[in-house]
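The values are calculated or read from the model by the stated rules, or taken from the named source; none is laboratory data. On a predicted model such as this, the values are computed, not experimentally measured, just so you know. Cβ placement follows ideal geometry from the backbone for every residue including glycine, while neighbour counts extend to all protein chains displayed.
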């Protein structure tokens, strides 16, 4: 239940319901009809993602991660579905949605058996009617046996959360500069060999089981990536 409340709190922050700080624990308990312990666990989850900062004796303040003239992507907030990676309200143009079996290259890259059944999804994503990224993703059908066309056209993560109750336990992310392949350039109508920022991401659910792998090439102008780190020695 605390994860559901955390997701609702993040949505409220993103929608401008809470702009400076969170309400008190008592107010949140009344708002979400939850115990104090549940509210505290929800707040702690959001805090771990870098979306809140704690001021002793004053409460939790909302972190302003915006940079002037930049679009900021929060790479720390991967386990909360309404705050995962991309801005909200992205529109998708699905180029490929099919089922494939892992070949030797995918098997080596993902650490899965050869012939593992995978959903393959390739889509262009747009924000404010401008091309945001090219995303190529693989989802294990042993974990996600069914994906709807509607989900692929909107939010895959929301569908997985609602249909299967699966959350991200941890992620491995690799940022790099990449030169567009001929295929990527043609799909985005950009120059072959042009350099853009790419993110290779593997998401794991409970017991460190692989859920999906994605390769995303960001082309949106003035994009900034935000990371939150915590020094455990000082906590």
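Overview of values
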quantity	calculated
Selection within the stretch 13-44 - in a helix (DSSP H, G or I) and at pLDDT below 85	13, 14
Number of positions in the stretch 171-208 that are within 19 Å of the chain's Cα centre (by Cα) and either farther than 27 Å from residue 140 by Cβ or surrounded by 13 or more Cβ atoms within 10 Å (Cβ to Cβ) (or both)	12
In the stretch 103-124, the residues that are in contact with a helix residue (DSSP H, G or I) (Cβ under 9 Å, 6 or more places away or on another chain), part of a loop (DSSP other than H, G, I, E, B) and without any contact (Cβ under 8 Å) to a residue 24 or more places away in the chain	113, 114, 115
Flag if residue 134 is over 30 Å from residue 228 (Cβ atoms), in contact with a strand residue (DSSP E or B) (Cβ under 6 Å, 6 or more places away or on another chain) and either modelled with pLDDT of 95 or more or part of a loop (DSSP other than H, G, I, E, B) (or both)	no
Residues within the stretch 61-99 that are in contact with a helix residue (DSSP H, G or I) (Cβ under 8 Å, 6 or more places away or on another chain), surrounded by fewer than 19 Cβ atoms within 10 Å (Cβ to Cβ) and modelled with pLDDT of 70 or more, tallied	5
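Yes/no matrix, rows are residues, columns are (1) touching a helix residue (DSSP H, G or I) at 6+ places or on another chain (Cβ under 7 Å); (2) touching a residue at least 12 places away in the same chain (Cβ under 8 Å); (3) surrounded by fewer than 17 Cβ atoms within 10 Å (Cβ to Cβ):
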site: 13; (1), (2), (3): no, yes, no
site: 19; (1), (2), (3): no, yes, yes
site: 30; (1), (2), (3): no, no, yes
site: 38; (1), (2), (3): yes, yes, no
site: 45; (1), (2), (3): yes, yes, no
